[in-house]
Amino acid sequence: MFARLMSMGIRGIDAYPVEVEAFVAQGMPAFDVVGLPDNAVRESKDRVRAAMKTCGFDYPVSRITVNLAPADIKKVGAIYDVPVLLAVMAATGQIPQISQDTAFIGELSLDGKIRRVAGVLPMVTKARSVGITKFYIPQENAAEASVVEGVECYPVSSVGELVEHLTGGREIDPLSAESFSESSALPTAPDYSDVKGQFAARRAMEIAAAGGHNILLIGPPGSGKSMLAKRFPSILPELTYEEAVEVTKLHSVAGILPSGVQLVKTRPFRSPHHNASSAALAGGGALAGPGEVSLAHKGVLFLDELPEFSPVAMEVLRQPLEDGVITISRAAGRLTYPCEFQLVAAMNPCRCGYYGHPTRECTCSPTAVAKYQGRVSGPLLDRIDLQVEVPPVEYDNISSGQPGESSADMRKRVEAARRIQLERLKGTGASCNARIDPSLLHKLCNLTDSAQMMMKRAFESLDMSGRAYDRILKIARTIADLENSPTVTSAHITEAVQYRVLSERARNH
C-alpha cells in the first residue's frame, strides 16, 4: 500500500517542493521517517499517531515507511506533520489518493488541531512556479498566504475538517486574494514633534532618510540620541508592494510574523542589545537562520551604545553595509539573505559620557577617551555616511511648550527627494543615493566648478579615503535633492563634509 503527495520545504528564504511518500506493509509495527529528517521531523510519527487516534481514524498496526524526497536536502521543522498523516491515510485507503498539483503543510497537536508554521509566504510563492494549484495551510497562516495570486489556498484548523473536505464532505472555501492597498497600515513610530531643539541632528536625520544613508549620533547621556533614532522610521518612505513581500518573507521564515498579519507594511526597526553576538547580527546557528541585519532589511538597524558591542560583532557589519546581502556558510551549504538596511548608531563620546560637555567635567583620561572611541574601528566608521555630534539640550528648548516639527512634514520632503532619485536612477539597479554604484557617481552627481574646488580642498586637507570621497558626493547629492537642485553646489559639499569630519579625524589619529 503506497501513496504520494506534495509538500514544500524551506532553505533560507527560498522554498522547494518535497514529495511525501508513504509505504505501509505487513511486518513488525514500526514507523520510520527517512529523507534526511531532523529531530522535529522524526518526532512527527508520534504526533501523527496521537492525532489519528484522537480524531477517530484507524492507525495501521503495520510497518510504515515515510520518505521525504529529495533525500539529499535536510528536512527541518514540524511542517511535514499534516502531509505525513495524509500520506499514511491515503496508503491505507482511508482517504482518496491526492493529485500532485495539491500540497499540504502544517504542524499537528495531539488532539488533531493544526498549528501555524514558519515560511508560508515563500512556500506558497514557490508552489505557484512549480505547478501546484491548491495549497492547504494552517488557519493561522491564512493572512500571509492571501497575497499570492495563482494558487488556491485553503485554510484548515484541524485534521477532522481537512479529511472531511478531502472525502467529499463539508467544503472548505479557498482564500480570496487581498490587495496591498486595502489593508495598508500607517507608521506606528513615535513622532519627531516630541523632540525639543537638536535642529542640527534633526537635519542630519532628514538627510539620512532622504538618501538612504547610515548615521552615527555622538553625544552625552540624555542628549536625545535614542529619542532621535527611534523616531527615524516615521520619516522614511512607505514600503512598496515588492519591498513588503521581501520583508514579510524574511519575517515569516524567522517565525516572527504576527498571526493574522498579511504583509509587513511598515519598515522594520530592529534594536538588538549590545551583548548580541556576531551570529545574532549576521545570522547563523544550527539552522542558519536570518540575523538582525536581514530582519532589518528595507528598514532600520539601531545599535545603541555602539562601542559596547564586541569588536567581532561590529566588524560583521562591514560587508553587509557595502553589499546589501550576506552569505552564511555552513557544512551543509551556503545560504544568502538580503540585508539592505540603514544603520543608525549611537554612542557616548567617552566611558563616562561627558567628554566635551559644556558644563560637566569628564573623568576620563585622554588615553581612556581615545581607547573608548577607538573601539569603533576606522573601516566601520568609514562606512557610516553621517557622523553627527548631539549636544546637551538647552533649557530654553526643553522648557518650551511648542512642539517640534512633525514627522509628517519632514516625511513630505524626504518623499519628494526620493521621487527625484528614483527618476534619476532608473535602470541603474539603485533605489536611493546611498546605493549608487561608484562608477556612476560622476555621471549622476553633477558638480559646479566651485563645488569641484571645494571638494578638492576638503579631500586634500582631510586626507580622505576613496570611500569617504564617494560618500561625501552621495550625501551632497541628497542635500541637493532636498532642495530640488539639479546640480551639486559648493554649499552642498560644505554641509556634506561637516558630517564626515569625525571619521577623518579618527583616520588621522
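The values are calculated or read from the model by the stated rules, or taken from the named source; none is laboratory data. The structure presented is a predicted model; accordingly, all values stated were derived computationally and were not measured. Counting neighbours? That spans all protein chains shown, and the Cβs are built from the backbone with ideal geometry, glycine included. Surface areas here come from the heavy atoms of the whole protein model, side chains and all, with no ligands, DNA or RNA. Shrake-Rupley method; radii C 1.70, N 1.55, O 1.52, S 1.80 Å.
Descriptive notes on the structure:
- The helix-based estimate of mean residue ellipticity at 222 nm for the chain, built from -39,500 (n - 2.57) per DSSP H run of four or more residues and divided by its residue count, is -10000 deg cm²/dmol to the nearest 500.
- Solvent-accessible surface (1.4 angstrom probe) belonging to C339, in square angstrom, nearest 10: 0 Å²
- Residue-normalised accessible area of the chain, given per residue in Å² at a 1.4 Å probe: 44 Å²
- Of the solvent-accessible surface of the range 188-272, computed with a 1.4 Å probe over protein heavy atoms with every protein chain present, carbon and sulfur atoms account for 53 percent.
- Between the alpha-carbon centres of the range 368-382 and the range 137-153 there is a gap of 48 Å.
- Carbon plus sulfur fraction of accessible area for the range 28-93, probe 1.4 Å, in percent: 54 percent
- Cα-Cα P(r), the range 410-485, percent of pairs per 5 Å interval: 3, 15, 26, 23, 16, 11, 5, 0
- Highest mean packing first, where packing is the average number of other Cβ atoms within 10 Å per residue, the peptides 62-69, 201-208 line up as 201-208, 62-69.
- Between the range 27-64 and the range 449-488, the alpha-carbon center distance in angstrom: 66 Å
- Cross-link check: pairs K196/K230; K53/K113; K126/K249; K230/K298; K196/K225; K53/K74 evaluated at a Cα-Cα cut-off of 18 Å; pairs beyond the cut-off: K53/K74.
- Loop-resident sites, the range 250-359, for GluC sites (Glu not before Pro), counting at most 16 other Cβ within 10 Å (DSSP): E305
- In the range 387-470, the portion of solvent-accessible area held by carbon and sulfur atoms comes to 51 percent [1.4 Å probe, whole percent, DNA, RNA and ligands not counted].
- Neighbours of I479, meaning other residues whose beta-carbon lies under 11 angstrom from its beta-carbon, give a summed charge of -1 when Lys and Arg score +1 and Asp and Glu score -1.
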